[in-house]
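Undergrad: Right, I'll just put the structure down here and ask away after.
The values are calculated or read from the model by the stated rules, or taken from the named source; none is laboratory data. Here the structure is a predicted model, which is why all the values come from computation and not from measurement. Glycine also receives a Cβ, built like all others from the backbone with ideal geometry; neighbour counts cover every protein chain displayed. What goes into the accessible areas is simple: the full protein's heavy atoms, side chains included, and nothing from ligands, DNA or RNA. Shrake-Rupley method; radii C 1.70, N 1.55, O 1.52, S 1.80 Å.
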Amino acid sequence: MVDEQLLTRDIEDKRVLEAMQSVPRRAFVPEGIRASAHMDNPLPIGYDQTISQPYIVALMTQLLVQKVPVGGRILEIGSGSGYQTAILVSMGFEVHCIEVVPELVEPSREVLSSIGLEPASMMVGDGHQGMPNKAPFDGILAAACARKLPKEWRKQLKEGGVIVAPVKRSSGQYLFRWTKKGRALKRENIIPVRFVPLIKS
Ligand code: SAH
């Protein structure tokens with residue numbers, strides 16, 4: 001997976017490649033489809049949700065570590081299977097997760113604890129609200145697509161911190177990285193993407 005899907009593209013950060021190498025993706029995929037665990041696409045995890053494509057997980061992680069030192073406090077929105085969580089925890093980040101589907105939270109917690117990669121906290125809730133009691137964050141990473149950037153995310157971000165998230169545009173979804181500079185957010189356009197929508201609860 002790492003050799004064919006990541007090294008041939010633009011994933012070059014050693015820490016990201018090592019994490020992708022060491023975290024077993026198959027542990028986060030439902031048993032019936034484990035044979036496909038290392039394929040280059042998203043996979044169903046139930047409740048109409050998916051585990052993200054490995055390349056996208058690696059790319060978003062790389063966009064984060066380029067700006068946030070390891071050890072930084074990260075808010076992960078839409079933790080789903082827990083795969084992205086495991087990658088971030090294994091790299092040494094302090095990870096706080098929010099997931100809106102309660103049925104996904106317990107199984108992901110169990111898998112993460114069984115491989116010794118538990119996040120600092122995990123809650124059921126609507127990611128639009130962020131996690132005010134753990135703010136401010138050095139980084140916010142979202143795996144579901146918002147209609148526009150939620151105000152709370154901007155508020156809960158530290159100076160110099162980054163948001164890596166897909167947002168809807170008229171032409172389709174696009175992945176962006178924003179960096180907080182004073183009262184402004186500097187935006188970088190990354191690539192067109194396809195994520196599940198960020199559900200309003
Ligand atoms: N990183 C996850 C991606 C799962 S897909 C993985 O690789 O497994 C996106 C996730 O976002 C889904 O689990 C979905 O339930 C969750 N989600 C959707 N809307 C949300 C919201 N408003 N708040 C929090 N999580 C949300």
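Undergrad: Kindly state which helices (runs of 4 or more DSSP H) lie completely within the range 7-101 and contain at least 2 residues that are open to solvent by 20 Å² or more (accessible area, probe 1.4 Å) and without any contact (Cβ under 8 Å) to a residue 24 or more places away in the chain.
TA: In the range 7-101, the matching helices (runs of 4 or more DSSP H) lie at 14-22.
Undergrad: Let me ask you something else. Among the residues of the range 105-127, how many are under 20 Å from Ala146 (Cα atoms) and of a type outside the set (D, E, K, R)?
TA: 4
Undergrad: Go through the range 176-201 and report how many residues are assigned to a strand (DSSP E or B) and either touching a helix residue (DSSP H, G or I) at 6+ places or on another chain (Cβ under 6 Å) or more than 16 Å from the ligand (Cβ to nearest atom) (or both).
TA: 15
Undergrad: Is at least one residue of the range 48-58 near the ligand (Cβ under 7 Å from one of its atoms), at pLDDT 95 or above, farther than 20 Å from Leu7 by Cβ and touching a Leu at 6+ places or on another chain (Cβ under 8 Å)?
TA: no
Undergrad: Take Ile77 and tell me if it is under 22 Å from Ala120 (Cα atoms) and either basic (Lys, Arg) or at pLDDT below 95 (or both).
TA: Criteria not met by Ile77.
Undergrad: Within the set of pairs 6+ apart or on separate chains, which have a first residue in the range 190-201 that is within 16 Å of Gln53 (Cα to Cα), a second that is among the polar types (S, T, N, Q) and open to solvent by less than 50 Å² (accessible area, probe 1.4 Å), and C-beta atoms under 8 Å apart?
TA: Pro192/Gln173; Val193/Gln173; Arg194/Gln173; Phe195/Ser52; Phe195/Gln173; Val196/Gln49
So that you can scan it fast, the table gives a plain yes or no per residue for (1) under 14 Å from the mean Cα position of the chain (by Cα); (2) more than 12 Å from the ligand (Cβ to nearest atom); (3) closer than 18 Å to Ala165 by Cβ:
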residue: Val29; (1), (2), (3): no, no, no
residue: Leu64; (1), (2), (3): yes, yes, yes
residue: Pro69; (1), (2), (3): no, yes, no
residue: Leu75; (1), (2), (3): yes, no, yes
residue: Met91; (1), (2), (3): yes, yes, no
residue: Glu99; (1), (2), (3): yes, no, yes
residue: Ser114; (1), (2), (3): no, yes, no
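Undergrad: Write out, first by first residue and then by second, each pair whose Cβ atoms fall under 8 Å of each other, whose residues are 6+ apart or on separate chains, and whose first residue, in the range 126-147, is within 21 Å of Lys181 (Cα to Cα) and open to solvent by 10 Å² or more (accessible area, probe 1.4 Å) while the second is of a type outside the set (Val, Ile, Thr) and assigned to a helix (DSSP H, G or I).
TA: The qualifying pairs are Pro132/Glu152; Ala135/Lys155.
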